[in-house]
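The values are calculated or read from the model by the stated rules, or taken from the named source; none is laboratory data. None of the values given here were measured: they were computed from a predicted structure. Please note: Cβ atoms are built from the backbone with ideal geometry, for glycine as well, and neighbour counts cover all protein chains shown.
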Amino acid sequence: MKKIFFIILGLLGQSLYSQDSDILNVVTTPNGFYSKPIKVNKEDHRTEGSPYVNGDQFDKVNIQDYSKNVQDLRYNAYQDEMEFKMGEELYYANKSNGLKIEFPGLKKTYQSLTYFYDGKTRSGYLLLLVDNSKFSLYKREKMELLAGTKSNNGFTTDANDYYAKDKDLYLISKDKKYFKFPKNVSEAAEVFAIDKKELETFAKSNKINFNKEQDLVKLVEFINQH
């Protein structure tokens, strides 16, 4: 029996959803483990923009070893949560460390991880760019909520708070440790423990730009071959 990540009412044959409860029980494994997605409270103030980096729509997902008939998801990059809808209610899916969630329509795969970076232990979703036992490459997508400008006179109105995209953060993973992607060849040679001259030759011949995502992917794939 495969795992079931979200509620499938037809298979369960009974309603597990209660209008009087803020918690939705979800059967996830046959051994009786239950996750409890959190009901999302609606915002009580007006904001401009969107916290969703991939759009407001819910998309089909594939999750290895889980049922194919799962709830559509969307990634909230402000809250760092995966959301799904049940009726008219919105829920955050239960985080499961190491779980990979593929969005085939977006050609993206997110991984739920607990990781230590910049002096803090974090739990959230990273976009998986290179998946390798030697070095993996991730991108953190993040939206910020910025304060709107307050009016200083009676002729204009206050500007609403608004969402703005934060700068993407690229992380290298090795042996469950996470490092910010190096800024240049010299730093990369040290981080990846690879011969600097060899790396310089590759970077020059392939015109590697450390500010371009596709070049970072190409560089990590090259290093993983050594």
Quiz item: Where residues in the stretch 187-203 are outside any helix (DSSP H, G or I) and in contact (Cβ under 8 Å) with a residue 12 or more places away in the chain, which of them is nearest to Phe116 (Cα to Cα)?
Solution: Phe192
Exercise. Evaluate the following for Ser136: is it of a type in the set (Ser, Thr, Tyr) and either in contact with a strand residue (DSSP E or B) (Cβ under 9 Å, 6 or more places away or on another chain) or assigned by TED's automatic domain parsing to the domain that holds Asn76 (or both)?
Key: yes
Quiz item: If you go through the stretch 51-63 one residue at a time, do you hit one that is within 18 Å of Tyr125 (Cβ to Cβ), modelled with pLDDT under 90 and in the same structural domain as Ala164 (by TED's automatic domain parsing)?
Solution: yes
Quiz item: Of the residues that make up the stretch 115-136, is at least one without any contact (Cβ under 8 Å) to a residue 24 or more places away in the chain, touching a Ser or Thr at 6+ places or on another chain (Cβ under 8 Å) and surrounded by 16 or more Cβ atoms within 10 Å (Cβ to Cβ)?
Solution: yes
Practice problem: Please name all residue pairs, on different chains or six or more residues apart, with Cβ atoms under 8 Å, provided the first residue is in the stretch 90-108 and is at positive phi and the second residue is buried (at least 17 other Cβ atoms within 10 Å of the Cβ) and assigned to a loop (DSSP other than H, G, I, E, B). | Solution: none
Practice problem: Quick one: in the stretch 205-221, of everything that is part of a helix (DSSP H, G or I) and not hydrophobic (A, V, I, L, M, F, W, C), which residue is surrounded by the fewest Cβ atoms within 10 Å (Cβ to Cβ)? | Solution: Ser205
Practice problem: Please work out which residue is nearest to Asn97 (Cα to Cα), limiting yourself to the stretch 185-194 and to residues that are surrounded by 11 or more Cβ atoms within 10 Å (Cβ to Cβ) and not aromatic (Phe, Trp, Tyr). | Solution: Val191
Self-check item: Sole residue being modelled with pLDDT of 95 or more and under 26 Å from Leu113 (Cβ atoms), chosen from Asn224, Asn206, Asn184
Solution: Asn224
